[in-house]
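Engineer: Let me begin by handing over the structure; questions about it come next.
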Amino acid sequence: MAADTMSMARRRLPVRLLAALAAAVCLSATAWMHGGAAWASISTCQTPVAAPLPSAAPVWPEGSPPSLVLPAEQLGGVQRYSLPGEFPKVAPATDAGPRAGILHVYLKALRWPMPDGSHHLRARGFLAFEFTSAPAEWTSQYTFHNVPEVAHAMRLYVIHHTQNWQREVSVEFSYDYCERQAWANKTGFDYTSCVAGLAAERNRTWYNLGDIDLDFGVVSSGLEESNFEGLDFDLRVEGWPRRVNLKAQLSAALRAPPADAGDGAGAGPPAVLRALPYFYNSVVDADKTARMLQWSEEYHAALGFAASLLYVLPRDVAAFEAHPGICALVEEQRLILVLWDQHAGFAEFKRWKDFELQIVESHATLSFWGRNARILVIDSDEFFVPAQAGQTVSSLMSADGCLGALPRPECIVFPRRDIFLSGEAAGQDEPGLWNRSGGGNPLTFYQLVSHVELPTKVMVDPSRTMSPNVHYTSVCTGRPSIVSSAHKTKLRSACGITTRAPCSHATADCSWLAHVGNMHKARKSAPATAAHIQPPDWLWMLEGGG
């Protein structure tokens, strides 16, 4: 990328998303070339840099060793609580005994500004159940979903620890069937009735990650100890022996700066980031990963993307921290590396990797809840493509842009298509193009696209959507009820059955996602119906690619 183009891309990173975070970066390598030409060994990274993080994110604890990879809980203040227990089995379970396992609760708390100038203390999160033994009726569907007991046997409560009262918490689930039907614009389709019908079914074999949304009411922003006395809340599952106390997390949220979700006076355009899952191959090639990330960032930075989140497994941390190319991307604030050591077993158990994928993506979006940001949930082999050369994600999302004009721009579903090599490049070793040490961006070899639609991917406003389920999610349109002892009814979620809406569906004449299906392994061939990518100069930002 030309120097002036890269400089402009860096300036797009909003100041509000910068926090002074000491990440360790050094470049004692002899060369890190943006064209991908040279790589050299370096010593451990040591130069502190700022990373593009939410303004309220905590900084490194005093005395902790520097690291290029950010602990997951420090990305945006999301805490994980794990409760062991067992559910009575529900249909269609056929095996005997209870469903034992661990319920993982991911929760973030914020002081939320209200229209009347007050602040409410809110907490949002999602639930993932890790069973200790696979159900007898387990099929491949379970790789993406919670077991039915989470929806039909679990009753979750928030309890005031000192005042001895409790309220049941609504756990809400999104349904891809209703989303797909809404996108199809079928005559007479009633989205709310669809959601209500599926929520009432008892014979489903799977459920997505459950969303929870709590509002603890008006709070003072002062730091007097008396302000924390009423925050002594527990979460517990009915019938389970253990519970978790939320006072420390809620008190910390009360002390922290308030949310800035971009809906206040003077709010600027949101920062747009990509969220990329970890590489689950048994061995990660740091050289190849660095080149691929640099080429991808070169492309997306010119389109106005602020940065990318990449989750990293513990086994890959040393290789990533020792690589000059990866260090350079972090130093340039193009890349945020997030350590993912939450479920060590999931990454090694292939039938669980897609379930874990949901958790990783939901963690990424929840981390930016309460921030003026949009998160595009995609993989490393996918690229955002505007339909017209010169357009950026910011211009498309403006009031005059085709994305900004959608009915629900806070949640946009993009069509996704395979792209292929063309011309003289068609016979080349495609994975090899992405693993070579010299030459320009491999995207310049791609000019063919298949019009066979792949499963969609989404870009979300984390403050207004449910947890993403890899390919879809739903918009939250309501407000949660207040956690108090004044009522005995189940607490209402902002994402309830009657207070949610389908995401908007972008069309290819606005923007779409290009999928390089053969980036890592040759597995697809261009169909006879493949056509030239539109616009023809879709690589206008790359030297020689226009």
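Engineer: Can you work out ³J(HN,Hα) from phi for every residue in region 494-509, in order, using Karplus 6.51 cos²θ - 1.76 cosθ + 1.60 and θ = phi - 60°, giving whole Hz and x for Gly and Pro?
Structural biologist: Result, ordered by residue: 5, 10, x, 4, 9, 10, 8, 9, x, 5, 7, 10, 6, 10, 5, 7 Hz.
Engineer: If you count, for each residue, the other Cβ atoms within 10 Å and average over each peptide, how do 197-206, 465-474, 490-499 line up from highest to lowest? Could the numbers behind the result be given before it?
Structural biologist: Working: 197-206: 13.5, 465-474: 25.9, 490-499: 19.4.
Taking the mean over residues of other Cβ atoms within 10 Å, the ranking is 465-474, 490-499, 197-206.
Engineer: Quick one: with all protein chains in place, what share of the accessible area of region 274-415 is carbon or sulfur, to the nearest percent (1.4 Å probe)? Let's see the in-between values first.
Structural biologist: Numbers: 1900 of 3780 Å².
Answer for region 274-415: carbon and sulfur cover 50 percent of the accessible area.
Engineer: Using alpha-carbon positions, what is the distance between the centroids of region 369-406 and region 490-546, in Å?
Structural biologist: Between the Cα centre of region 369-406 and that of region 490-546, the gap is 11 Å.
Engineer: Right, another one. Return the carbon/sulfur percentage of the accessible area of region 144-206, one whole number, probe 1.4 Å, all protein chains in place. Don't skip to the answer; put the middle values down first.
Structural biologist: Working: 1250 of 2870 Å².
Carbon and sulfur together cover 43 percent of it.
Engineer: I want the local charge near Glu73. Using Cβ-Cβ distances under 11 Å, sum +1 for each Lys or Arg and -1 for each Asp or Glu among the other residues. Walk me through the intermediate numbers first.
Structural biologist: Details: positive: Arg80, Lys108; negative: Asp341.
Counting the neighbours of Glu73, the net charge comes to +1.
Engineer: Search the structure for amide H atoms under 5 Å from the amide H of Leu339, placed 1.01 Å from N in the peptide plane, and list their residues when 5 or more places away or on another chain.
Structural biologist: Residues meeting the amide H criterion: Leu70, Ala72, Val312.
Engineer: How far, in nm, would the chain grow between Tyr177 and Lys521 when pulled straight, counting 0.36 nm per residue and subtracting the alpha carbon separation? Don't skip to the end; give the middle numbers.
Structural biologist: On the way: separation 344, 0.36 × 344 = 123.84 nm, distance 3.10 nm.
Here the answer is 120.7 nm.
Engineer: Can you tell me which of 524-531, 365-372 comes out highest on packing, and rank the rest after it, using the mean Cβ neighbours within 10 Å? Please report the intermediate quantities before stating the final value.
Structural biologist: Working: 524-531: 12.4, 365-372: 26.6.
So the peptides 524-531, 365-372, ranked by packing, come out 365-372, 524-531.
Engineer: While we're here: Taking a probe of 1.4 Å, how large is the accessible area per residue of region 330-479, in Å²? Walk me through the intermediate numbers first.
Structural biologist: On the way: 4700 Å² over 150 residues.
Averaged over the residues of region 330-479, the accessible area is 31 Å².
Engineer: Right, another one. Taking H placed 1.01 Å from N in the peptide plane, check which residues at least 5 places from Lys89 or on another chain put their amide H under 5 Å from its amide H.
Structural biologist: Sorted by chain and number, the residues that satisfy this are Arg99.
Engineer: Starting at the first residue of region 417-430, write each ³J(HN,Hα) from the Karplus equation 6.51 cos²θ - 1.76 cosθ + 1.60 with θ = phi - 60°, in whole Hz, x for Gly and Pro.
Structural biologist: 9, 6, 10, 9, 5, 9, x, 5, 6, 4, x, 6, 6, 5
Engineer: Another one. Which of the peptides 386-397, 160-171 is most tightly packed, and how do the rest follow, judged by the mean count of other Cβ atoms within 10 Å per residue?
Structural biologist: Top to bottom by mean Cβ count within 10 Å: 386-397, 160-171.
Engineer: Taking 0.36 nm per residue of sequence separation and subtracting the Cα-Cα distance, how much length would be gained by fully extending the chain between Val244 and Lys186, in nm to one decimal?
Structural biologist: Numbers: separation 58, 0.36 × 58 = 20.88 nm, distance 4.49 nm.
That works out to 16.4 nm of additional length.
Engineer: Give the relative contact order (percent, whole number) for region 424-525; include only Cα pairs under 8 Å separated by 6+ residues. Could you put the intermediate results ahead of the total?
Structural biologist: Values: 85 pairs, mean separation 24.5, N = 102.
Normalised by residue count, the contact order of region 424-525 is 24 percent.
Engineer: Now, a different point. Under 5 Å between amide hydrogens, which residues at least 5 positions from Ile533 or on another chain qualify, with H placed 1.01 Å from N in the peptide plane?
Structural biologist: Answer set, sorted by chain and number: Leu448, Val449.
Engineer: What spacing in nm lies between the two simple spin-label points modelled at Asp232 and Thr477, each 7 Å away from Cα in the Cβ direction?
Structural biologist: Reported label-point gap for Asp232 and Thr477 is 4.2 nm.
Engineer: Next question. Provide the per-residue ³J(HN,Hα) series for region 515-525, in order, calculated from phi with Karplus coefficients 6.51, -1.76, 1.60 and θ = phi - 60°, each as a whole number of Hz, with x at glycine and proline positions.
Structural biologist: 10, 8, x, 10, 4, 9, 7, 6, 9, 9, 10
The values are calculated or read from the model by the stated rules, or taken from the named source; none is laboratory data. Just so you know, these numbers come straight off a predicted model, no measurement behind them. Because the Cβ atoms are built from the backbone with ideal geometry, glycine has one as well, and the counts that use them run over all protein chains shown. Ligands, DNA and RNA are stripped out before the accessible areas are found, and what is left, the full protein with its side chains, is counted by its heavy atoms. Shrake-Rupley method; radii C 1.70, N 1.55, O 1.52, S 1.80 Å.
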